[in-house]
1. Which of (1) open to solvent by 10 Å² or more (accessible area, probe 1.4 Å); (2) under 30 Å from L226 (Cβ atoms); (3) among the hydrophobic types (A, V, I, L, M, F, W, C) is the odd one out, the single condition M56 does not satisfy?
2. Against the condition in contact with a Pro (Cβ under 9 Å, 6 or more places away or on another chain), under 18 Å from A100 (Cβ atoms) and of a type outside the set (D, E), how does I6 come out, does it pass?
3. Does R84 fit the bill of being of a type outside the set (A, V, I, L, M), open to solvent by 10 Å² or more (accessible area, probe 1.4 Å) and closer than 22 Å to L217 by Cβ?
4. So Q26 ticks every box in (1) open to solvent by 10 Å² or more (accessible area, probe 1.4 Å); (2) without any contact (Cβ under 8 Å) to a residue 60 or more places away in the chain but one. Which box is left unticked?
5. Conditions: (1) within 25 Å of L258 (Cα to Cα); (2) touching a strand residue (DSSP E or B) at 6+ places or on another chain (Cβ under 6 Å); (3) open to solvent by 80 Å² or more (accessible area, probe 1.4 Å). P78 meets all but one. Number of the miss?
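The values are calculated or read from the model by the stated rules, or taken from the named source; none is laboratory data. Just so we're clear, the structure is a prediction, and the values are computed from it rather than from any experiment. Here the Cβ positions follow ideal geometry from the backbone for every residue, glycine too, while neighbour counts run over all protein chains shown. Each accessible area value is taken on the protein alone, full model and side chains, heavy atoms only, with ligands, DNA and RNA left out. Shrake-Rupley method; radii C 1.70, N 1.55, O 1.52, S 1.80 Å.
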Amino acid sequence: MSLLKILLIDDDPISTLIAGKMLADQGQVRYAHSGAHGLDMARQWQPDVVLLDAEMPDMDGYETCRLLKADPTLVEVPVIFLSRHSSAERRAEALAAGAADTLIKPATGPQITQCIQRHIRARLLAGQARTQVQVSSAGADHELHAVNLPSVEHPHYDDLARSLGLVFRAQHRAVDSLSDGGQDTPRLTLVWLFDQVNDGLQVITRCNKAATAGRGLAVALVPAGLVQVELLALDAGADDVWGVPCSLSLMLRRARLLGIVTPT
């Protein structure tokens, strides 16, 4: 990944100093110590990614994010929240404000770096998808594959596929059938990690290889709260992790953040 322009908005100077040192090898890091200052700097500098503290005085992270996303020159820039609160309600509030993701403070350097890289790649894929929106809907590139998914769950994810303009396919032996980056790689692969975890992680790894050619996104479906399994999925190269159960509206939003363009 080329060097990035990273804007860190946080009112805590110690947090910004620590995060800045952890991200020094990723590119140029600039700091803002309030929401208003961060907005001004973002408009002038046009960063590649914004790391945003959720809890700030005067203008908090949620309002700052909404204003960033209201600016047409910044709407595509991924905003990653840094918060001391891990509740589902706070995470949902961040996503509703336009955040691409949330990390819990204190986040480690590898966690922040991996999250940034994931969303930068998703932004690039989104740009590619927009240029290909007129392409024929035939072929695996327009399919959603679900791996290890129990039959009872099929209708829920079939609804997701149809909402995204994709064809739903249930894959029970995906490790055998998915080639390493071949042309038959599906647009989106959902990997059920409730059981057969090692098998599912192999699928995620293969999808990650395919993504180097601009094809294939892999999302791990993990029981809500199993942080260790989430980390294993991210280490294997998952583009995102969705806690299950997950509503259709939330899945659609997260799919769009990954660059899956919904039909008009």
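1. (2)
2. Values: in contact with a Pro (Cβ under 9 Å, 6 or more places away or on another chain): yes; under 18 Å from A100 (Cβ atoms): yes; of a type outside the set (D, E): yes.
Answer is yes for this residue.
3. On the way: of a type outside the set (A, V, I, L, M): yes; open to solvent by 10 Å² or more (accessible area, probe 1.4 Å): yes; closer than 22 Å to L217 by Cβ: no.
Answer is no for this residue.
4. The one condition Q26 does not meet is (2).
5. Against the list (1) within 25 Å of L258 (Cα to Cα); (2) touching a strand residue (DSSP E or B) at 6+ places or on another chain (Cβ under 6 Å); (3) open to solvent by 80 Å² or more (accessible area, probe 1.4 Å), P78 comes up short only on (3).
Results for (1) in contact with a Pro (Cβ under 9 Å, 6 or more places away or on another chain); (2) among the small types (G, A, S); (3) under 30 Å from R187 (Cα atoms); (4) in a helix (DSSP H, G or I), shown as yes or no for each residue.
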| site | (1), (2), (3), (4) |
| --- | --- |
| L39 | no, no, no, yes |
| D58 | no, no, no, no |
| Y62 | no, no, no, yes |
| I80 | no, no, yes, no |
| L95 | no, no, yes, yes |
| Q111 | no, no, yes, yes |
| A122 | yes, yes, yes, yes |
